[in-house]
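Below is one structure, written out as C-alpha cells; comments come after it.
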Amino acid sequence: MEWIPAVDKILQYAASGIGSVAGPMLSSWKARKEAKAKMIEAQGEADVLAVRAEAQSHALSILASGHEEARKLVESDSQTMQTELNIREIIEQKVLFQEERRCQNISGVVQKSLDLSADGNVSDHEPDHDWTARFFNYVQDVSSEEMQLLWAKVLAGEADRPGSTSIRALAILRDLDKQTAGVFRRLVSLSVSVGEDDQIVDCRVPSLHGTAGSNSLQEYGLSFGQLNSLNEHGLIIADYNSWFDYQLCIGLKIPGLRSQVARLPFTYRGEKWVLDGIDQRERSQEFKLHGVALTESGRELARVVDLESVPSYDTALKSYFESKGLAMTRIAGS
C-alpha cells in the first residue's frame, strides 16, 4: 500500500468535490454577467426614452403649452425605469455576496482540515466522487467557526479512513444547528462504547439508576426534550431505555483454565476501562447496561466531537457500577 501526505489527499478530495459546486457558481456568475448586460441595455433604453420624451415635451409645449405636464410625465417614466434598475442591482449584489461567502466557507473548511492533518500520512486511494460532491455542496453554506471545525474533522477523517462517515451522516450534520450540536457533544462526552474505530458495536449513555425517558440524565445536561431533539435528527434511537450486555467488559472464564478470563475493554472519555468484580458476582451472569444508544450515524459523527468534562457524571457512573458490585478500572497507557 502506498502512503502519501494527508494534505495532498485532502486537496484531492477538494478538487473532486469543488467541481460539483462549480456548475452552480458558474451559473450565478453567468447570470451576473447577463444582468450587467441587461442593465447596460436598459440604461441605454432609458437614455433614449429620456431624449425622446424631452423632444416630445418640447413639441407639446410649443403646440399646446403643455410643457409642465409633459415634464412631469417624463420624470415619472424616468423614475420608474431607475427603480427597476436599482432592484436589479440589489439582486445582483445579493447573489455576488452569497457566492463570495460560499467560497469563503469552503476555503475555511478545507484550510482547517489541512491544519488538522498537516503532519500525517494516509493511504493513496481514489476519493469517492459522490461523497465529495455531497460534502462540498453542504459545507458551502456552513459559516460558523464551530461547525466548520466539525466538517473539517469529517473531511480529515474521510481522507484517512475512506467510508468512515456515510452520506447519510453528512445529511444529518448538515441539518444540525449550533445548539443541537452542543447537546450532541454533551451526549458523546457521557457515552461509553465497545469496539474499535470503525467497528463500534455499541455506544450509549448509561441512564444510571433511572430511565432517561423520565429525565434521569437531566441534571447532566440531557433532558427528555433535548433527547427528543437528538432523536429527531437521527443521532440516537427512539428507545431511551435500550440495553446492551456489557458482560464482556467484566470478563468470561476461558474453558479449561481456572484463573484466566477474557474481557473486552470499553471506552469512556477517550480512555480504556474494564469492570472488576468487587464481590462474588458470577462471571457468566448477564450485565444489562441500560441507556440512550447512538444510531450508526451518531456513532460515525461521535468520532469528530471534542469531549467536554462533566465531573458530576464521572462520579455518578462509577457509583452506579459500584452499586452493581463492579469497579471501573482504567487500563494503563490508554
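Of all residues in region 99-118, count the ones that are free of Cβ contacts under 8 Å to residues at least 60 places away in the same chain and surrounded by fewer than 17 Cβ atoms within 10 Å (Cβ to Cβ).
Counting residues in region 99-118 that are free of Cβ contacts under 8 Å to residues at least 60 places away in the same chain and surrounded by fewer than 17 Cβ atoms within 10 Å (Cβ to Cβ) gives 6.
Sort out which residues of region 291-334 are on the phi > 0 side of the Ramachandran plot and at pLDDT below 95, and write them in order of number. Of everything in region 291-334, those that are on the phi > 0 side of the Ramachandran plot and at pLDDT below 95 turn out to be Gly325, Gly333.
Those helices (runs of 4 or more DSSP H) of region 130-230 in which 2 or more residues are touching a Phe, Trp or Tyr at 6+ places or on another chain (Cβ under 8 Å), open to solvent by less than 40 Å² (accessible area, probe 1.4 Å) and farther than 24 Å from Gln247 by Cβ occupy 145-160, 167-174. Please work out if Ile236 is buried (at least 17 other Cβ atoms within 10 Å of the Cβ), at pLDDT 95 or above and farther than 22 Å from Ser319 by Cβ. Yes: the conditions hold for Ile236.
Condition test on Gln247, is it modelled with pLDDT under 95, open to solvent by less than 30 Å² (accessible area, probe 1.4 Å), over 27 Å from the mean Cα position of the chain (by Cα) and farther than 29 Å from Pro162 by Cα? Yes. Condition first: among the hydroxyl-bearing types (Ser, Thr, Tyr), under 27 Å from Val95 (Cβ atoms) and touching a residue at least 24 places away in the same chain (Cβ under 8 Å). Can you find one or more residues in region 149-166 that meet it? Scanning region 149-166 turns up no residue that is among the hydroxyl-bearing types (Ser, Thr, Tyr), under 27 Å from Val95 (Cβ atoms) and touching a residue at least 24 places away in the same chain (Cβ under 8 Å).
The values are calculated or read from the model by the stated rules, or taken from the named source; none is laboratory data. Bear in mind that the values here come from a model prediction, so they are computed numbers and not experimental data. Using ideal geometry, Cβ is built from the backbone for each residue, glycine included, and neighbour counts are taken over all protein chains shown. Heads up: the accessible areas ignore ligands, DNA and RNA and are worked out on the full protein's heavy atoms, side chains in. Shrake-Rupley method; radii C 1.70, N 1.55, O 1.52, S 1.80 Å.
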